[in-house]
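> Got a structure here, written out as structure tokens. Questions coming.
The values are calculated or read from the model by the stated rules, or taken from the named source; none is laboratory data. Model, not experiment: these values are computed from the prediction. Neighbour counts run over all protein chains shown; Cβ positions are idealised from the backbone, glycine included. Remember, those area values only see protein heavy atoms, side chains included, never the ligands or the DNA or RNA. Shrake-Rupley method; radii C 1.70, N 1.55, O 1.52, S 1.80 Å.
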Amino acid sequence: MTMPMTASVIEASEEFAPATVAELERFLGENARKVKKPVYPVGGRTALHYGYPLCDPGTVVSTARLSRVVDYPARDMTVTVEAGIRMEQLNELLDRERQRLPIDIPQLHRATLGGVLATNSNGPRRYGYGTLRDYVIGVSAIDGRGNLFHAGGRVVKNVAGYDLCKLMIGSLGTLAVITQVTLKLRPVPETSSWLWCSYPTWQQLDEALERLTTTATRPVAMIALNARAARQIVNEIHLDVPVESPTLALAIEGTQKETEWQSSVLKDELSFTGASAMYDIPGHHGESVWTALTDYPVVTDEPLTFRANMLPSRAAGFMERADATGISLLSHIGNGIVIGHFPDDWISWEQSLAILNSLSHQAQENRGNFVILQCPDEWKRDLLLWGQPESGYQLMKKMKAAFDPEGVLNPHRLFVKA
Ligand SMILES: Cc1cc2nc3c(=O)[nH]c(=O)nc-3n(C[C@H](O)[C@H](O)[C@H](O)COP(=O)(O)OP(=O)(O)OC[C@H]3O[C@@H](n4cnc5c(N)ncnc54)[C@H](O)[C@@H]3O)c2cc1C
């Protein structure tokens, strides 16, 4: 059976863009009681390819008109907005108060907050600032039966019972349509700068990481790149730094004084780790490094992208072995996350499957997991996109049934169609 493409299913579906939450509640309620058609929540449509392909045409529910700012008491460093707000619009609002949500998102002009939550998007700053689960303090959403529910609130509080806010993050629009979000915010630092370090071998890069476990500084991002990825990033942003060997890029933020101090201390600490070169990348060049590293996992023409998670101490070894296969590699190495793109010039199904299985096996051996972020839809049926099923897999299915008994919300997106 040929697998229909997600794009063609979305195209063949009706469109509905509710102007109010009440309108969406009514639609989902009636749909669950009567026609029970598939419902596909969408925001900026930048990540609709993520997950198992959609199968049956239904109704695309766009959150584009649910994009109001509900409340922004800047002194309390929280903001409440509707989920259809574009990330760019949200960042502009917060920047006026020199505040931000310290989560790196690609394509800010298209991505919406609802989509960012549903995919649990994050980037290089996760090392220093954590992920969305650390910033979402309140959520409103509508489940598959059309019931509106609220979790958390406008202030940071100890939630009694299950933390439904956290449950919505990464749920890919399969449990409920997120309509409103309250976020905790951070101040925008005065300056930010990168230290770009090249190492002759992965072994020496790993020794530098070991040294950094006792650093006196507070890097907010710790990124390792193989030569292929470093070349791609550097060419993209026209940076004149070495790219022919493993690279460690460290980001520091704070006042001008703090950043300068951290940069000089880091160079001292790393001076005995065999780095063949160390470059400071401050200011606007530094900003373009943030954008390029944030876009790297998702903005790609390569046929397949994976994300492996493992013990951070094992990541350099994993990258050394994967590097030998010719894959382009970027790692949030402080968090033990490795992202790789399979190049299109040598790809054959058999070849990629052999390498996928070997890498997935290594990730599991390193106490981690292996997820396919993107690849052609027709390959997905035979792949475990989310890696080896977790022990809670059956429990997850029961939760899905509790939130969406008719199975209308993004059917088969998480659990492949049997
Ligand atoms: C694995 C992965 C792949 C990515 N790929 C790309 C990429 O190729 N290009 C790129 O620019 N960015 C990509 N991103 C980043 C992405 O841009 C954003 O971070 C964000 O996830 C997408 O926002 P969006 O509004 O475009 O969501 P969409 O692409 O519209 O939707 C993404 C998912 O979220 C669900 N969803 C959307 N809105 C809601 C809502 N209000 N309530 C419930 N569910 C909702 C959708 O059903 C869908 O499953 C990716 C992120 C991840 C995690």
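> Mind counting lysine pairs for me in the chain? Cα separation below 26 Å, and the two need to be 8 or more apart along the chain or on different chains.
Counting lysine pairs in the chain gives 29.
> Also, I was wondering about something else. What angle, in degrees between 0 and 90 and rounded to the nearest 10, separates the Cα long axis of helix 283-295 from the longest principal axis of the Cα atoms of the chain?
50
> Let me ask something else. Restricting to DSSP loop positions (anything but H, G, I, E, B) with no more than 14 other Cβ atoms inside 10 Å of their own Cβ, which chymotrypsin sites (Phe, Trp or Tyr not before Pro) remain in region 266-343?
Phe272
> Taking 0.36 nm per intervening residue step and subtracting the Cα-Cα distance, what contour gain separates Arg75 from Asn91 on full extension?
Answer, rounded to one decimal: 4.1 nm.
> Still on this structure, I have one more. Using only Cα atoms and rounding to the nearest 10 degrees, what angle (0 to 90) does helix 393-403 make with the longest principal axis of the chain?
40
> Leaving ligands, DNA and RNA out of it, work out the accessible area of Leu311 with a 1.4 Å probe and give it in Å² to the nearest 10.
Counting only protein heavy atoms, Leu311 exposes about 60 Å² to solvent.
> If the convex hull of the alpha-carbon atoms of region 191-295 is projected onto planes in all directions, what is the mean projected area in square nanometres?
Taking the Cα atoms of region 191-295, their convex hull projects to 5.8 nm² on average.
> Sum -39500 (n - 2.57) across every DSSP H segment of at least 4 residues in the chain, then divide by the residue count to get the 222 nm mean residue ellipticity, nearest 500.
So the helix-based figure for the chain works out to -9500 deg cm²/dmol.
> While we're here: In nanometres, what is the gap between the two model label sites at Asp163 and Glu269, each 7 Å from Cα along Cα-to-Cβ?
If labels sit at Asp163 and Glu269, their model points lie 2.7 nm apart.
> Okay, moving on. With only alpha-carbon pairs counted, each pair once and no self-pairs, how large is the Kirkwood hydrodynamic radius of the chain in angstroms?
That comes to 22.5 Å for the chain.
> Using a cut-off of 10 Å between beta-carbons, work out the net charge of the residues near Gly146 (Lys and Arg +1, Asp and Glu -1, Gly146 not included).
0
> What do the square roots of 5 times the Cα gyration tensor eigenvalues come to for region 158-219, in whole Å, largest first, as semi-axes of the equivalent ellipsoid?
39, 18, 14
> Need one value: the accessible area of Ile178 in square angstrom, 1.4 angstrom probe, rounded to the nearest 10.
Spelled out: Ile178, probe radius 1.4 Å, area about 10 Å².
> While we're looking at this one, here's another question. For Gly123, which sequence-distant residues (separation of 5 or more, or a different chain) have an amide H within less than 5 Å of its own amide H, given hydrogens modelled in the peptide plane?
When sequence neighbours closer than 5 places are left aside, the close amide H contacts are Asp104.
> What percentage of all Cα-Cα pairs in region 302-369 are separated by more than 20 Å?
Cα-Cα pairs of region 302-369 separated by over 20 Å account for 20 percent.
> Right, here's the next one. Per-residue counts of other Cβ atoms within 10 Å, averaged by peptide: what ranking do you get for 136-145, 380-389, highest first?
136-145, 380-389
> Under a crude label model (7 Å from the Cα following the beta-carbon direction), how far is His361 from Glu30 in nanometres?
5.5
> Also, I was wondering about something else. Roughly speaking, to the nearest percent, how much of the chain's 1.4 Å accessible area is carbon and sulfur?
Its accessible area is 52 percent carbon and sulfur atoms.
> I'd like the orientation of helix 349-365 relative to the chain: the angle between its Cα long axis and the longest Cα principal axis, in ° from 0 to 90, rounded to 10.
With rounding to tens, the tilt is 80 degrees.
> Which three semi-axes in whole Å describe the equivalent ellipsoid of region 132-265, each the square root of 5 times a Cα gyration tensor eigenvalue, listed largest first?
Ellipsoid semi-axes (Å, largest first): 40, 20, 15.
> How big is the accessible area of Cys375 in square angstrom, nearest 10, if you roll a 1.4 angstrom probe over the protein chains?
Roughly 10 Å² of Cys375 is accessible to a 1.4 Å probe.
> Give the Rg (one decimal place) followed by the Dmax (whole number) of region 69-187, computed from C-alpha coordinates and expressed in Å.
13.3, 40
> All other residues with a Cβ under 14 Å from the Cβ of Leu175 taken together, and with Lys, Arg as +1 and Asp, Glu as -1, what is their net charge?
Once positives and negatives cancel, what remains is +2.
> Suppose each label sits 7 Å from its Cα in the direction of the beta carbon; what would the Val188-Arg45 distance come out to in nanometres?
3.1
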